[in-house]
Every structure is written in C-alpha cells, then in structure tokens.
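One structure is given here, and the rest of the page talks about it.
The values are calculated or read from the model by the stated rules, or taken from the named source; none is laboratory data. In this text the structure is predicted, and so the values were computed from the model without any measurement. When we count neighbours, we look across all protein chains shown, and the Cβ atoms used for this are built from the backbone with ideal geometry, even at glycine. With ligands, DNA and RNA removed, areas are computed over all heavy atoms of the protein, side chains included. Shrake-Rupley method; radii C 1.70, N 1.55, O 1.52, S 1.80 Å.
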Amino acid sequence: MSRKNKPWILNADCPSQLGTVDVVTRFLAESRNYVGEIHSFDDKEVNHFSMRVEFHPLDENFDADLFNQQFAERAAAFDMQWQLTAPDHKSRVAIMVSKYDHCLHDLLYHYRTGELAIEIPVIISNHPDLEELAQWHGIPYHHLPITAETKPEQEKQVWELVQQYDCELVVLARYMQVLSDDLCEKLSGRAINIHHSLLPGFKGAKPYHQAWEKGVKLVGATAHYVNSDLDEGPIIAQGVQAVDHSHYPEDLVAKGQHIESLTLTRAVRYHIEKRVFLHGQRTVVFPD
C-alpha cells in the first residue's frame, strides 16, 4: 500500500460527548486503516462535534460496505452520522451562468487539468453567449431564457436537468438571477453562489463603480450555499485584496472578478473534498 495514493475520506458528526474522537480513530486502527490527516471541531455553542479523516487501508481488498456495516455498530452509541467517500469519486456538477465568463473559465480550467475531482455534465444559462465555450469543452449547454412570467417554468426545466444529469452540486458561476424559494429548498446544501464583498455594501448596478466613487480600500468575494435570503446563505469561503486611489473602476472590476474566480473554485473544492459541515446557517470548514 502506497500512501501517495488518494485517500478515503470519512466525515462524521454527532452531539458533543466523551469519546467521539476515540470511537473513530480506534475503529480505523483496529480495522487496519492508516490515518493520514484528521480535523475535528467541537462547537460548544450548540454542543455539536464534527470530524473529517483521510485514511489509507493497509489491506488491499478494502470493502466499503463491510466498513460501513461494522462502523455503524460503533457509531450508534454516539448518535453519529457519517459519510464515506472513495478516492476515485468525482462529484457531478451542474454549472449555471449568465454572461460573465470569468468564474466559468476558472472552473473549467481546474476541471480540465484534473485539479478539481469533478465531472461537469451540463452547463445551464439564461443567455446563449457562452455556448461556444461549453462546446469547446464538449459539455452540453442548455439555453433557458427567463422572464418574470416564465420563471416558474424555467426553474422547472433547471431542476429537471439537475436530476437528468444526476448532479450532486449546482454552482452559480455568476448566474445573474435570483432563485425562487422553491428551487432554493430543493437545492439546499448543494448549491454554491458567489458574489462580491465590498465594504460598505454597494447594491444595484455597477457596484465597483460605486465603490470607486467612495474610495473603497478593499475588494473581495464571498462563496456561500444558496438559500432564500439573497446573498446571505451559509459562508464557505471568502477572499479579499487591498486596493488604493490608483485603481480606477475598471481596475476594481478586474481585481474583483479575479478574486471571485479564486474564491468560488476554492469553495467548490472544499465542498467536493468533504471539508464543509453545514449546520443550519453556520458552516464548519476544515481547510487543507
């Protein structure tokens, strides 16, 4: 067994109590699995424990079903929920986009190079502009125009595509539409959005131009899970960069788009690598 190979990942969470770390690590040791990385957090505010473990089986014929069956007996006493992820697992991701292409380009680059362990079976857009880019990557592109009157039908089509392509995750890569409460509910915990983070907050048209007029000194981005509160879902990742008086509006836009791309891709990676634990409106994120 070479520990240079990709590891199995075990995620577990349960109410806070004595022995939570021991029940996981002892079982892994007794079942001949070598722990390569371990993160844990005990949230004292809500008495909830979260744990992520990367491990390598020492036996060649590792049986995931048997592992789950045997671990269930240990976990039951702790009311523990867990998920086992295989080294070769690739999350199926649907990307939604409008006209801005910077976030899509970054995701496609990391997908093409294999730096993101994902499959992208479909790209969905309310505009036709980026179809050529999708075709270049050999990815089906579905143009679904939307108006206030057609929104329910359009979102029904979106949901049908997510199901048709068996997507585990939906990424809003600057999809410039607000999802309905109904679609947010269906995608709860498996849809990630990106938006700019400017202080003070600038809403409406041309936020970077508004920021320039106020002499803003920081530009940034926030990636979060989608919920019915616009741009206020549980946060996964944030990025920030200092700017000054020499940066004109177009400079702020360029820097903002760059940090948006980096932050969204990082959030997707955290999600697919099972580094994010979602508890209500809060997240526990174990970075690499």
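When Glu132 is tested against the conditions (1) within 24 Å of Asp288 (Cβ to Cβ); (2) open to solvent by 50 Å² or more (accessible area, probe 1.4 Å), the lone failure is (1). Look at segment 127-145: where a residue is without any contact (Cβ under 8 Å) to a residue 12 or more places away in the chain and in a helix (DSSP H, G or I) and a partner is surrounded by 14 or more Cβ atoms within 10 Å (Cβ to Cβ) and of a type in the set (S, T, N, Q), sitting 6+ places away or on another chain with Cβ atoms under 9 Å, you get Ala134/Ser125.
If you go through segment 27-34 one residue at a time, do you hit one that is at pLDDT below 95 and surrounded by fewer than 17 Cβ atoms within 10 Å (Cβ to Cβ)? No, segment 27-34 has no match at all.
Residue pairs whose Cβ atoms lie under 6 Å apart, sitting 6 or more positions apart in sequence or on different chains, and linking a residue in segment 28-46 that is under 19 Å from Ala64 (Cβ atoms) and of a type outside the set (D, E, K, R) to a partner that is surrounded by fewer than 14 Cβ atoms within 10 Å (Cβ to Cβ) and modelled with pLDDT of 95 or more, are Tyr34/Leu58. Among the residues of segment 3-23, the ones that are under 30 Å from Gly114 (Cβ atoms) and buried (at least 17 other Cβ atoms within 10 Å of the Cβ) come to 7 in all. Going residue by residue through segment 87-108, is there one that turns out to be at pLDDT 95 or above, open to solvent by 30 Å² or more (accessible area, probe 1.4 Å) and part of a strand (DSSP E or B)? Yes - at least one qualifying residue is present in segment 87-108. In segment 213-228, the residues that are of a type in the set (S, T, N, Q) form Cβ pairs under 8 Å with partners that are open to solvent by 70 Å² or more (accessible area, probe 1.4 Å) and not in a loop (DSSP other than H, G, I, E, B), at six or more places apart or across chains, as follows: Thr222/Ile235; Thr222/Gln238; Ser228/Asp181; Ser228/Glu185. Among the residues of segment 247-254, none qualifies, meaning not one is under 20 Å from Arg190 (Cβ atoms) and outside any helix (DSSP H, G or I). The residue that is farthest from Arg92 (Cα to Cα), among those in segment 244-278 that are modelled with pLDDT of 90 or more and among the β-branched types (Val, Ile, Thr), is Ile259. Is there a residue being farther than 30 Å from Thr85 by Cβ, open to solvent by 20 Å² or more (accessible area, probe 1.4 Å) and polar (S, T, N, Q) anywhere in segment 269-282? Scanning segment 269-282 turns up no residue that is farther than 30 Å from Thr85 by Cβ, open to solvent by 20 Å² or more (accessible area, probe 1.4 Å) and polar (S, T, N, Q). Only one entry of Ala237, Ala221, Ala173, Ala211 meets the criterion of being open to solvent by less than 40 Å² (accessible area, probe 1.4 Å), of a type in the set (Gly, Ala, Ser) and closer than 18 Å to Gln281 by Cα, and that entry is Ala237.
May I ask you to verify whether Glu168 is open to solvent by 20 Å² or more (accessible area, probe 1.4 Å) and within 14 Å of the chain's Cα centre (by Cα)? So Glu168 passes the test. Tallying residues that are open to solvent by 50 Å² or more (accessible area, probe 1.4 Å), over 15 Å from Val24 (Cβ atoms) and assigned to a helix (DSSP H, G or I) within segment 57-74 yields 3. Among the residues of segment 136-188, which ones are touching a helix residue (DSSP H, G or I) at 6+ places or on another chain (Cβ under 9 Å) and of a type in the set (Ser, Thr, Tyr)? Matches in segment 136-188: Tyr141, Thr147, Ser180. Within the option set Glu54, Glu45, being at pLDDT 95 or above and either acidic (Asp, Glu) or open to solvent by less than 50 Å² (accessible area, probe 1.4 Å) (or both) holds for one residue only, Glu54. If you go through segment 45-56 and keep only what is closer than 21 Å to Arg275 by Cβ and either part of a loop (DSSP other than H, G, I, E, B) or not small (Gly, Ala, Ser) (or both), you end up with Glu45, Val46, His48, Phe49, Met51, Arg52, Val53, Glu54, Phe55, His56. Cβ-Cβ distances below 6 Å connect the following pairs, each with a first residue in segment 240-268 that is without any contact (Cβ under 8 Å) to a residue 24 or more places away in the chain, a second residue that is not polar (S, T, N, Q), and a separation of six or more residues or different chains: Gln241/Val219; Gln241/Lys255; Gln241/Ile259.
Mind counting the residues in segment 146-172 that are touching a strand residue (DSSP E or B) at 6+ places or on another chain (Cβ under 9 Å) and part of a loop (DSSP other than H, G, I, E, B)?
Looking only at segment 146-172, we keep the residues that are touching a strand residue (DSSP E or B) at 6+ places or on another chain (Cβ under 9 Å), and these are 157-158, 161-162, 164-172.
If we keep only those that are part of a loop (DSSP other than H, G, I, E, B) too, we end up with 165-168.
Selection size over segment 146-172: 4.
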